[in-house]
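Written below as structure tokens is the structure these notes are about.
The values are calculated or read from the model by the stated rules, or taken from the named source; none is laboratory data. Fair warning: this is a prediction, and the values are worked out from it, not measured in the lab. Backbone-built Cβ (ideal geometry, glycine too); neighbour counts: all protein chains shown. Just so you know, the surface numbers come from the protein's heavy atoms only, side chains and all, with ligands and any DNA or RNA stripped out. Shrake-Rupley method; radii C 1.70, N 1.55, O 1.52, S 1.80 Å.
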Amino acid sequence: MERSRRATNTAQYGLSKKQTRRAEQRAAKGLVPKAVTVPGGARAARVDGVPKQAFRRDRISGGYRELRARQAEAAAGGAEHRCHRARTLARQIIATHGPVLVIEDCDIRAWYRLWGKRLSQTTPGLLISALDRECAAAGGRLVRASTWSTALSQHCLCGERVSKALRDREHQCTACGLVGKRDLVSAALAAFVRFHDTDEPKTAYLDTIASRHAQIVFAQGLEEALRESTTLCQNTPRGAGRVAVPRQRRGTSAPRTAGRRDRATPDETRPVRDHAGKPGHRPGRDPQLTLW
């Protein structure tokens, strides 16, 4: 499309360095100047960088219009597909786990700085918005818990704090011996998040008494559930196979990561936000239960 625009508006573009050098060489040899059909240089602009002629006033060919229409149609179809997928996943999640959900109040913009291309395909923002609408329609609510006051990825169900870097995807507690996937353990702990005020994410805290009680009651089943994801494998032979997980057969459950990744993942930045509260006193913590 850019080539077509340049070819039909040659007066609005200058020659590239290579084209200029070739023209100077032909002039030095006394050859006839060669007409350039597609100039490769910068667009003619004013001193402040504004183009002398607006792009909307350019002449465009029929092929350019057809290709632009195809791209717009493909982009609209892709956007609709992502929205439909987000709505479908939100309905499945609510049908399985109920209309009252707790998510971490994190900054998605930091994720896009690290994994922009992959997040543009998975669109977590659309999924969160769809969950919020579906929860409200089902009579529930989607509440956000501050990562500073709960630190779900840094705690165990027994209440012990297990510090991990972002590249550590395996949870191993030295106090109770619980071993499982980091994301699955955090998701299980989210069920025991309590709030003093549901409208304020920084008032969230972790009820370790309830989590420890659930760990004791459902010891064997909980241990098996946290060891492996029940999500179908999304890895493909090409493209997604770059992640540090073994290739899985289609239709099998996918343990997404095991242990530490071969390639280091940079830790997320923590921007200063008004709603991010510092970890304070947790009224639900009982030392007698955490030492078991």
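Structure notes:
- Residue in region 87-94 that is open to solvent by 40 Å² or more (accessible area, probe 1.4 Å) and free of Cβ contacts under 8 Å to residues at least 12 places away in the same chain present: yes
- Counting residues in region 20-27 that are surrounded by 11 or more Cβ atoms within 10 Å (Cβ to Cβ), in a loop (DSSP other than H, G, I, E, B) and touching a residue at least 12 places away in the same chain (Cβ under 8 Å) gives zero.
- Considering Gly63, Gly41, Gly49, the condition of being farther than 30 Å from Cys135 by Cα, among the small types (Gly, Ala, Ser) and in contact with a Leu (Cβ under 7 Å, 6 or more places away or on another chain) is satisfied by Gly41 alone.
- Within region 28-45, the only residue that satisfies the criterion of being within 18 Å of Ser4 (Cβ to Cβ) and not in a loop (DSSP other than H, G, I, E, B) is Arg43.
- Ser120 at pLDDT 90 or above and among the polar types (S, T, N, Q): no
- Filter pass, Ala74 being surrounded by 11 or more Cβ atoms within 10 Å (Cβ to Cβ), more than 19 Å from Arg144 (Cβ to Cβ) and either out of contact with any helix residue (DSSP H, G or I) (no Cβ under 7 Å at 6 or more places or on another chain) or of a type in the set (Lys, Arg) (or both): no
- Lys52 vs. criteria touching a residue at least 40 places away in the same chain (Cβ under 8 Å) and out of contact with any helix residue (DSSP H, G or I) (no Cβ under 7 Å at 6 or more places or on another chain): yes
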